[in-house]
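Asks: First, the structure itself, so that you have it in front of you.
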Amino acid sequence: MRCKSPCDLHTVPQIKITVVRDMYRILIVEDDAGIAGAVKKQIESWDLEAECVEDFHDVLACFTKYDPHLVLLDISLPFFNGYYWCTEIRKISQVPVIFISSASDNMNIVMAMNMGGDDFIAKPFDNSVLMAKIQAILRRTYDYSSRIPVLEHRGVMLNTADASIVYNGKKIELTKNEYRIMQTLMENKGRVVSRDKLMQKLWENDSYVDENTLSVNVNRLRRKLGGAGLPDFIATKVGMGYIVE
């Protein structure tokens with residue numbers, strides 16, 4: 001049995017401060033492939049993980065294998081309905097469950113809550129409403145509002161906790177100086193950062209850095225970025241400094 005979906009999209013048009021959700025996983029139990037794929041794409045655009053159940057004979061097996069932090073569960077499913085699977089999940093876990101269904105009459109809503117559901121969203125639903133409910137439940141359940149801040153630009157995430165870069169699912173370890181250079185450039189995205197400013201940033205860390213040391217660190221950082229598929233992430237402005245555009 002496999003639990004996966006063919007849909008995948010993640011775009012970041014501009015730099016932003018966000019939070020690491022510790023890769024919160026959302027399990028989507030929806031037999032309409034179009035709806036499941038659209039929901040997965042929406043969830044992933046918010047830097048959360050998502051997986052779609054494909055084998056509806058044994059949703060519980062997929063649940064235990066994926067170990068999600070939240071479940072989106074349709075009521076009308078092949079073989080066994082969502083009420084049944086919510087009851088089975090509740091036998092082994094208190095993970096939050098949001099029911100999604102076009103059957104939004106009061107009886108179904110009451111039944112969903114009585115079966116152990118935490119919320120109910122009627123189809124068709126607005127994506128912003130869906131994400132607001134998901135975030136609210138994650139925040140209440142896991143207190144993810146206090147997670148580690150990161151800088152993000154063009155799909156590159158700079159983790160301020162462990163001085164690393166994550167790009168296309170790959171982690172790049174940085175030295176202390178490389179991290180401070182990258183942090184300064186990303187915080188000033190779209191603006192030229194002079195070499196003097198970068199050296200001052202490194203001096204704040206009690207490290208003596210001269211012109212040559214700065215060049216060595218920038219070149220080493222560029223090689224690491226190039227190896228990850230980002231050869232032009234840091235551009236040089238001759239006589240001015242460096243810029244992340």
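Asks: When the residues of the range 151-186 are filtered to those that are crowded, with 16+ Cβ neighbours inside 10 Å and among the acidic types (D, E), which remaining residue is modelled with the highest pLDDT?
Replies: Step by step, filter the range 151-186, then rank; the result is E178.
Asks: On to the next question. Out of curiosity, is D105 more than 17 Å from I35 (Cα to Cα) and at pLDDT below 85?
Replies: So D105 passes the test.
Asks: Working carefully through the options R191, R140, find the one that is modelled with pLDDT of 80 or more, in a loop (DSSP other than H, G, I, E, B) and over 17 Å from the mean Cα position of the chain (by Cα).
Replies: It is R191.
Asks: Something else: What are the residue pairs meeting all of these: first residue in the range 69-86, first residue farther than 22 Å from I43 by Cα, second residue assigned to a loop (DSSP other than H, G, I, E, B), Cβ atoms under 7 Å, and 6 or more apart or on different chains?
Replies: Sorted first by the residue in the range 69-86, then by its partner, the pairs are P78/D31; P78/F56; F79/F56; F79/H57; N81/I75; Y83/I75; Y83/M115.
Asks: Checking the conditions here, which among E30, E88, E44 is modelled with pLDDT of 85 or more and crowded, with 19+ Cβ neighbours inside 10 Å?
Replies: Going through E30, E88, E44 in turn, just one is modelled with pLDDT of 85 or more and crowded, with 19+ Cβ neighbours inside 10 Å: E30.
Asks: While we're on this one: I need the full set of residues from the range 84-99 which are of a type in the set (S, T, N, Q) and under 14 Å from D74 (Cα atoms), in order please.
Replies: T87 - this is the single residue of the range 84-99 that is of a type in the set (S, T, N, Q) and under 14 Å from D74 (Cα atoms).
The values are calculated or read from the model by the stated rules, or taken from the named source; none is laboratory data. Here the structure is a predicted model, which means the values were calculated and not measured. Quick reminder, even Gly has a Cβ in these numbers, built from the backbone with ideal geometry, and neighbours come from all protein chains shown.
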